[in-house]
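> Take a look at this one; I'll ask things after.
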Amino acid sequence: MKKTLVSLITVSLLTATFVSAQRSAPENLNYNYVEGSFAVYPDYNGQDFIGPRVRGSFLVMPEVFLFGQFRFLTDDVDYTQMHVGAAYRFAIDENTDIYGGPSLEYVDFSPGTDDFGFGLRGGIRHRLNEDFEIGGEIRYVNIRGDIDDDYLGVTGTLQYFLNPNVGLVGEVDLEDGELGLLAGVRWNF
């Protein structure tokens, strides 16, 4: 009985220590933001797509955040893409997180067709110093129905902080092998 009690107390203390460490770290990465960008995807399946993108993230629990994006690209056809999802983040240290989670995807080619699907995302974020944060993400998106498409995407992001609440963001995106370049402003709240 005494060994069982000591074991329970030890496990409880270790669990409490682990949970409190996870809840306090990382302080240098912010998951509450709204971002506006301009996107250019030259020669994306024969189109030179350009247009705006809006995305955001909101921390709902210390380890869980919601995310979403809307982008409207145009050339001979219009390409609208939206997604919303949730992800779990895990702190490596006070400056580095890894994360992953599912998303609901919507794609519309106009004139043409639109459909829903799902996605899976995973990534890493690292705060280099007071001025810079870098990140990388890999995603798998599967759209079924009339479009019947799935792809693998990879993104690299650099954020330069003008102040603690405002950052300039640059991004390189490979969506199914097609190169995209994005630049914008992020408001961290």
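Values quoted throughout were computed directly from the atomic coordinates according to the rules given, and no laboratory measurement underlies them. Keep in mind that what you see is a predicted model, and the values were worked out from it rather than measured. We place every Cβ from the backbone using ideal geometry, glycine too, and count neighbours over all the protein chains shown.
> How large is log10 of I(q)/I(0) for the chain at q = 0.09, 0.12, 0.18, 0.19 Å⁻¹ when the intensity is taken from the Debye formula with one equal scatterer per alpha-carbon?
Scattering profile of the chain, log10 relative to I(0): -0.39, -0.63, -1.23, -1.35.
> Using only helices, what value at 222 nm comes out for the chain when you add -39,500 (n - 2.57) per DSSP H run of length 4 or more and divide by the total residues, to the nearest 500 deg cm²/dmol?
Numbers: 1 runs with 23 residues, N = 189.
About -4500 deg cm²/dmol.
> Follow-up. Could you tell me the calculated FRET efficiency between Thr96 and Ala183, based on Cβ-Cβ distance and R0 = 25 angstrom, to the nearest 0.05? If you can, show how the numbers build up before the last one.
Working: r = 24 Å, r/R0 = 0.98.
That gives a FRET efficiency of 0.55.
> From the square roots a ≥ b ≥ c of the eigenvalues of the alpha-carbon gyration tensor of the stretch 95-189, which class results: rounded (a/c under 1.5), prolate (a/b over b/c), or oblate?
Because a/c hits 1.5 or more and a/b exceeds b/c, the stretch 95-189 counts as prolate.
> Please work out the FRET efficiency for the pair Leu162 and Asp115, using the Cβ-Cβ distance as r and a Förster radius of 45 Å; give the result to the nearest 0.05.
Working from the Cβ atoms, E equals 0.70.
> Go ahead and collect, in residue order, the members of the stretch 98-118 whose backbone nitrogen is under 16 Å from a label point 7 Å along the Cα-Cβ direction of Asn142.
In the stretch 98-118, the label zone of Asn142 (backbone N under 16 Å from the point 7 Å along Cα→Cβ) covers 101-106, 116-118.
> Something else: Please list, ordered by chain and number, the residues whose modelled amide H lies under 5 Å from the amide H of Asp149; skip anything fewer than 5 residues away on the same chain.
Ile143, Arg144
> Can you give me the angle between helix 2-24 and the longest principal axis of the chain, using Cα atoms only, in degrees from 0 to 90, rounded to the nearest 10?
So the inclination is approximately 40 degrees.
> Here's a follow-up. Below 12 angstrom from the Cβ of Asp108, what's the summed charge of the other residues (Lys, Arg +1; Asp, Glu -1)?
-4
> Taking the Cα-to-Cβ direction at Leu59 and at Asn129 and moving 7 Å from each Cα, how far apart do the two end points lie in nm?
Label-label distance for Leu59 and Asn129, simple model: 2.4 nm.
> Follow-up question, since we're still on this one. Please get the size of the charge dipole for the chain, origin at its Cα centre, with Cβ charges of +1 on Lys and Arg and -1 on Asp and Glu, quoted in debye to the nearest 20. Show your work: numbers first, answer last.
Working: 13 positive and 28 negative charges, 312 e Å.
Its charge dipole is roughly 1500 debye.
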